[in-house]
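*Asks:* The structure's right below; bear with me while I get my questions together.
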Amino acid sequence: MSRCAWPLLRRLSARAGLALRHGGGAPRARLAASSASSSSSASSGDGGASRAPDTSLFVPVPLKPGLGGPAEEDVGAELTRPLDKGEVLKNLNKFYKRKEIQRLGAENGLDARLFHQAFISFRKYIMESSSVSADLHIILNDICCDAGHVDDLFPFFLRHAKQIFPMLDCMDDLRKISDLRLPPNWYPDARAIQRKIIFHAGPTNSGKTYHAIQRFLSAKSGIYCGPLKLLAHEIFQKSNDANVPCDLVTGEERVYANEDARQAPHVACTIEMCSTNTPYEVAVIDEIQMIRDPARGWAWTRALLGLCAEEIHVCGEPAAIDLVTELMYTTGEEVEVRNYKRLTPLTVLDYALESLDNLRPGDCIVCFSKNDIYSVSRQIEARGLECAVIYGSLPPGTKLEQAKKFNDPDDPCKILVATDAIGMGLNLCIRRIIFNSIVKPTVNEKGEKEIDSITTSQALQIAGRAGRFGSSFKQGEVTTMHRDDLVQLKEILSEAVPPVKAAGLHPTPEQIEMFAYHLPDATLSNLIDIFVSLSQVDGMYFVCNIDDFKFLADMIQHIPLNLRSRYVFCTAPLNRKEPFVCTTLLKFARQFSRNEPLTFDWLCRHTKWPLAAPKNIKELVHLEAVHDVFDLYLWLSYRFMDMFPDAVLVRDIQKKLDDIIQIGVCNITKLIRASQSAAAPGTAEVVSEDFPLSRTKKDARVVSDRHGAASTEALSIAVEAAGLRRAKNLRPSRLGSRQEDLKSYGRGSLANRLLREGLLTQEMLRQLESEWQDQHRNGRYGFGSKRDDQHRSKETGKKRK
C-alpha cells in the first residue's frame, strides 16, 4: 500500500502556514519566497539602520520532546512508516552544513550563534521525541526515502527556532520599546508649558546654591532636588526655619510640615524621589554635573527634562553648561547662565604636612579607604589630640554629630579625618584640607579594584571645602601628607574640568513590562540585558550602569514574584558588597512572596535587636550594616505599606541604633586597639572596605587582612599591579611624569613605596616587621619554610633521576 497521502499533508501544511512542494528537486526558489516576508519585516521600521542585537544574551526557551501527542503520532506513522532515527540524524547533519540554509537563517535573524543553538535544539527535539507532528514526520520520511530534499526542513526548523527564541518574531516591537532617542517626549506635562532654565555655575563655596534657594523660598511653591538625604534635610530645615512650610521626601522617609499631614507647597527631596507630575513655580536641581554619573545620572536627566515648573534653577559645575544648553535646545527652551566666583580665597601650599606632628586646629585629613581612616585617627589620638571621623557608610545622623563636634569652637575636637564623603552635604569649618593620598581605589566594569589618581573635579570638590564662607576661617588651604604628591596635586588642580558630554538614562518599569509581554519566559536580568543591547540613544545620552540591578535580579530570581514587585526589589538602594544586607533583602523577598507581612518582631529577631555598643571595629561595621537593613525596610515600607507595616517602630529603633553607632565612632581608637589585641598573633583584624580588596587581574592571590596574608611578596604583587593599572588609566597630561615614577618603583625600599602610595601605614609597617622577624626566628621564609623548600628540592631531584 502506498504510504504517500498528499491531500491530507496539504491540509496539514496549510494549517501550519507552510508551502511544501511535491517531489525532491531543488527548493531554493520556494525557500527564498518563504523567508522574504520575515526578512523584510526584520528590516522594516528603521530602514535596517539599527545595530544588530547581542545574540549572546538570547537565552533559548527549553521545549520538551514528544509534544505532538498520540493522535498526531498515529497519523504520521499510518501515512508513512516509523522513522529510522539513524537516517534522520544523517540528514539533519546534512541540513546543518548547507550554506544555503545558513544564509536563509541569517536572513531570518539567526546569526551563527543562534543558528547553531537552534539546530542543536531542533535535532534534540526530533531525535528524543517519540512522535513529531504529522507534516514533519512525512517530510522526514520522504527525505530518508530520497523523495524529498533536506532543504524542505527549513520551515520546520525556522518554526522551532522562533519557539525557543521568541524575540525573533517581535524584534521590531522590541526595538521600538527600547528606542531611547527622544527622552524629552517622555514628559508631556513638562512639554506643555514654557519653562525658564537658569544655570547657576560656579565652584564649591561660591554661593550658587544659596541664590537658587533664595528664589525657592520666595516662590509660592517649589521643589528642591539634591543628591543626598543630608542636603534634602538641610533645605527642609532652612525652609521651615524661615516660616516657609516644606515637606521632606526621601526614599526612606516622609516628613510633613503640617501636623495634619497635608502636603505643603514646598518640598525638599532626594532627586530620585521628585515628582514629574506635580506643578511648581520653582524647581532647584543641585549638583547637575552628576547627570554624567554612570549609576545615578538618569535621575538628573529625568528631573531636568521632566519637572513641571515655571522656573528650573540648575546648580553645578561650569563643565555641565554646554550639555544642559544642548538638552534644552531639544525641548525648545533657552538657558540663562549666571556665573559665580569663589567667595573666599583657596591657596595650594608649597609644602606638605609630612608628619602628623604638624597638625593644627581646623585641619581635615582626607583618606580614600576605611583602613586609612582607622590608622590615621589612631595615630592622631596617640599624640593626645581628639579627632572627628566621617566616612560614607556612617548613618546620616552620625555624620551630622561628628560634623557638629568638629565645628563646635568649645569642643576640644579640632581635627577631622574623613573620606571624600565630605565633598557634599556637610557644612564644615575647615581651615586646611590635607590629602593623605591622591590615588583612589575604584572598581572597574569587571569588578576588579584599580588605583588611579583622583580627577580634577573630585580634587576641586574636596579642596573647596576649606575656608567656607561665613566660617571662622576666611581663607582655605590645601596640601598633601607626602611631599611627592604635592606636585601632582597642583597639576591636577590647575587642569580644566573636562566638559560633561552625556546624560544618563535608565529603562522604566513600563518599558520592562512591555518587554516581558513579548518575552514572558525571560528572566528580569535577561530582559534588562536585551533591552540595553537593543537600545538606541543619540550622542547626548548614555544608558546607565545596571550591574547592581542585575545582581539583585539574579539573587531573587528563584523567588516567585510578579514583575512589578520584582522590579521594585531590584531597585532597592543597597550596597551589594554587604552580605548581611543582601541576605536580608533575600529574606524580605521570600516572605513577601508568601504574602506574609514583615513585622517589627520579625525584624528584631533577624537583626537580634536590641544591640549593644560595639567593642571592636568588626562589631561597628556590623552595626552600620544593621542600620542599612533598617533603611531598606523603610524604603520598602513606602512601596509596599501592607507588607512592611511597622515603619514607625523601625524608625524609632533606627534612631537608637544611630546613637549606639555614634558612641562607637567617638571611641573608634579604642575599638581599633581592641580589634588588634583580639586578633591572633601574626594576623590583622578584619576591616571592611567600601571596595573589594586589591587583587591582580589574573591572579587569585589576594592581599587582604581578611586572610591574614601580611606577606611582603603578596604586597609587592598588589602594588605592582596597581601601579600598572594606574599608569594605563592616567590622563596624557600627567602620563610622562607618572611613568618616571613607575620606573623608579624598582628602586628604594618597598616599604617607602607603599607608604608613599598610601597603601601602608607606619603602624602596619611595624606589625609587618615584627611578623617577619618572628618568621625568621621560626625558620620560615615567605609563604613556606626553608625546610619545606629543601624537601621539595629533594623530591624534584628524585623525580628527575
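*Asks:* I want to check the label-to-label distance for residue 586 and residue 508. Put each point 7 Å from Cα in the C-beta direction and report it in nm to one decimal.
*Replies:* About 3.4 nm, to one decimal.
*Asks:* So for the pair residue 677, residue 259, with labels modelled 7 Å out along Cα→Cβ, what separation do we get in nm?
*Replies:* Those two pseudo-labels are separated by 5.2 nm.
*Asks:* Enumerate by residue number the GluC sites (Glu not before Pro) in the range 465-562 meeting two conditions: DSSP loop (anything except H, G, I, E, B), and at most 16 other Cβ atoms within 10 Å of the site's Cβ. All intermediate terms of the calculation are to be shown ahead of the outcome.
*Replies:* Working: sites: 477, 491, 495, 510, 513; in loops: 495.
Loop-located and lightly packed - 495.
*Asks:* Using a/c under 1.5 as the rounded threshold, could you call the range 426-518 rounded, prolate or oblate? The axes a ≥ b ≥ c are square roots of the C-alpha gyration tensor eigenvalues, and prolate needs a/b larger than b/c, oblate otherwise.
*Replies:* On the way: a/c = 2.95, a/b = 1.92, b/c = 1.54.
Cα axes put the range 426-518 in the prolate bin.
*Asks:* Peptides 259-265, 625-631, 323-329: what's the order by average Cβ count within 10 Å, highest mean first?
*Replies:* Details: 259-265: 11.1, 625-631: 22.1, 323-329: 18.3.
Taking the mean over residues of other Cβ atoms within 10 Å, the ranking is 625-631, 323-329, 259-265.
*Asks:* Which value, in debye to the nearest 20, describes the size of the charge dipole of the range 197-312 about its Cα centre when Lys and Arg Cβ atoms bear +1, Asp and Glu Cβ atoms bear -1, and nothing else is charged?
*Replies:* Values: 10 positive and 14 negative charges, 54 e Å.
Taking the Cα centre of the range 197-312 as origin, the dipole is about 260 debye.
*Asks:* Using mean Cβ contacts within 10 Å as the protection proxy, how do 165-172, 554-561 order, highest first?
*Replies:* Working: 165-172: 18.4, 554-561: 15.5.
My ranking of the peptides, most packed first, is 165-172, 554-561.
*Asks:* Okay, next question. With r defined as the distance between the Cβ atoms of residue 602 and residue 111 and R0 fixed at 56 Å, what FRET efficiency is calculated, to the nearest 0.05? Can you show the working numbers first?
*Replies:* Values: r = 50 Å, r/R0 = 0.89.
It comes out at approximately 0.65.
*Asks:* At a 10 angstrom cut-off on C-beta neighbours, averaged per residue, how do the peptides 228-236, 335-343 rank from highest to lowest? Display every interim value, and only then the final one.
*Replies:* Values: 228-236: 21.4, 335-343: 14.2.
The peptides rank, most packed first, as 228-236, 335-343.
*Asks:* Which of rounded, prolate or oblate describes the range 556-679 when judged by the alpha-carbon gyration tensor and an a/c cut-off of 1.5?
*Replies:* Working: a/c = 2.73, a/b = 1.94, b/c = 1.40.
It is prolate, given that a/c is not under 1.5 and a/b is the larger ratio.
*Asks:* Same structure again: With a 1.4 Å probe and every protein chain left in place, work out the accessible area per residue of the range 566-650 in Å², rounded to a whole number. Walk me through the numbers before you get to the answer.
*Replies:* Values: 3710 Å² over 85 residues.
Heavy-atom accessible area per residue stands at 44 Å².
*Asks:* What does the extension gain come out to for residue 594 and residue 120, with contour length at 0.36 nm per residue minus their alpha carbon separation? The partial results should precede the final answer.
*Replies:* Numbers: separation 474, 0.36 × 474 = 170.64 nm, distance 3.84 nm.
Extra length available between residue 594 and residue 120 comes to 166.8 nm.
*Asks:* Okay, moving on. Near the amide H of residue 266, under 5 Å away, which other amide H atoms are found, from residues 5 or more places off or on another chain, if H is placed in the peptide plane?
*Replies:* 222, 247
*Asks:* Based on the Cβ-Cβ distance of residue 490 and residue 275, what FRET efficiency does E = 1/(1 + (r/R0)^6) give at R0 = 45 Å, to the nearest 0.05? List each step's numbers first, then the result.
*Replies:* Numbers: r = 45 Å, r/R0 = 0.99.
Working from the Cβ atoms, E equals 0.50.
*Asks:* Multiply the residue separation of residue 355 and residue 558 by 0.36 nm, subtract the distance between their alpha-carbon atoms, and state the gained length in nm to one decimal. Mind dumping the intermediate values first?
*Replies:* Numbers: separation 203, 0.36 × 203 = 73.08 nm, distance 5.44 nm.
Result: 67.6 nm gained on full extension.
*Asks:* Right, next: For the range 396-495, with all protein chains present and a 1.4 Å probe, just round the carbon and sulfur fraction of the accessible area to a whole percent.
*Replies:* Values: 1900 of 3690 Å².
That share works out to 51 percent.
*Asks:* What whole number of Å gives the distance from the Cα centroid of the range 489-512 to the Cα centroid of the range 517-559?
*Replies:* 21 Å
*Asks:* First measure r as the distance between the Cβ atoms of residue 146 and residue 571, then evaluate 1/(1 + (r/R0)^6) with R0 = 45 Å and state the FRET efficiency to the nearest 0.05.
*Replies:* 0.15
*Asks:* Could I ask something else about it? Could you order 639, 195, 175 so the one with the most accessible surface comes first? Probe is 1.4 Å.
*Replies:* Working: 639 80, 195 5, 175 30 Å².
Final ranking, largest accessible area leading: 639, 175, 195.
*Asks:* Among rounded, prolate and oblate, which fits the range 84-218 when a ≥ b ≥ c are the square roots of the eigenvalues of its C-alpha gyration tensor, a/c under 1.5 means rounded, and a/b larger than b/c means prolate? Walk me through the numbers before you get to the answer.
*Replies:* Details: a/c = 4.89, a/b = 4.16, b/c = 1.18.
Prolate, because a/c is 1.5 or more and a/b exceeds b/c.
*Asks:* Tell me, in nm to one decimal, what length is gained between residue 63 and residue 130 on full extension, where the rule is 0.36 nm per residue of separation less the Cα-Cα distance?
*Replies:* On the way: separation 67, 0.36 × 67 = 24.12 nm, distance 1.40 nm.
Extending this stretch completely gives an extra 22.7 nm.
*Asks:* Mind listing the long-range amide H neighbours of residue 503? Cut-off is under 5 Å, sequence gap 5 or more, other chains count too, H placed in the peptide plane at 1.01 Å from N.
*Replies:* 541, 542
The values are calculated or read from the model by the stated rules, or taken from the named source; none is laboratory data. Since this is a predicted model, take the numbers as computed values, not measurements. Backbone-built Cβ (ideal geometry, glycine too); neighbour counts: all protein chains shown. Heads up: the accessible areas ignore ligands, DNA and RNA and are worked out on the full protein's heavy atoms, side chains in. Shrake-Rupley method; radii C 1.70, N 1.55, O 1.52, S 1.80 Å.
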